[in-house]
Amino acid sequence: MRVSRYRPVVYVQLLFLFIDIFINSFGELFRTADVVLLVLYIIQDVCIILAIIVVFLLFFNTYIFQAGLVSLLIRKFKTTIIIAVVYLALSVGLHVWTMSKKWGDPQKFIWNEALQALFVFQRVSAVLYYYFYKRTSLRLGDPRFYKDTDWLRQEFARTH
């Protein structure tokens, strides 16, 4: 992929990550306004979904995918895919649980042990998601993924 085409895609991916980081960092400041917090959580979940979609669109654009070597892409980026899906599930779970517990009474104490554990797992998975997603985003800019190369032939020979 040419740099002129790839640069805006990376900027969009980074925008999704920054929105997610911002909402993870400052979302609790809006805990007294249920509707605002609900909208922020929806925006965060949509950004995660869109970020996953963008990665898959980049996969579909590679020569490897077009040549039918989907298993090679999955093997190379399996960790990112798994972490992104787990992070999305943990985020949606945390958002649904938090909003269902505090809706209508924003000052209510809702932090039982299970919710605290979910919160910690979601935040730890967020760090892993940010790292692996950004790494995948930058790795997909490698020209080897977009043309027939010796590296690709070696990978194909190794897998078949």
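Take R75 and S25, extend 7 Å from each Cα along the Cα→Cβ direction, and tell me the distance between the two endpoints in nm.
Here the modelled spin labels are 3.9 nm apart.
With a cut-off of 19 Å, note down the residues of region 24-50 whose backbone N falls inside the zone around a label point 7 Å from the Cα of V86 toward its beta carbon.
48-49
Using 1/(1 + (r/R0)^6) with R0 = 35 angstrom and r between the beta carbons of Y11 and D105, what's the FRET efficiency to the nearest 0.05? Kindly include the intermediate steps, with their values, before the conclusion.
Values: r = 40 Å, r/R0 = 1.16.
Step by step, r from the Cβ atoms, then E = 0.30.
Output the 0 to 90 degree angle, nearest 10, between the alpha-carbon long axis of helix 70-102 and the longest principal axis computed from the alpha carbons of the chain.
The helix 70-102 is inclined about 10 degrees to the chain.
Rounded to the nearest 10 degrees, what's the angle between the helix 3-26 long axis and the longest principal axis of the chain, both from Cα atoms, 0 to 90?
20
Could you work out how far apart the two model spin labels at A33 and K147 are, taking each label as a point 7 Å from the Cα in the direction of the beta carbon, and quote it in nm?
5.1
Rank the residues K101, K78 as a footprinting-exposure proxy: fewest other Cβ atoms within 10 Å of their Cβ go first. Mind showing how you got there, number by number?
Numbers: K101 14, K78 10.
Ordered by Cβ neighbours within 10 Å, fewest first: K78, K101.
FYI, it's all coordinate maths here, none of it is from the lab. It should be emphasised that the depicted structure is a prediction, and the values quoted were computed from it without experimental measurement. No Cβ is skipped: glycine too gets one built from the backbone with ideal geometry, and neighbour counts run over all protein chains shown.
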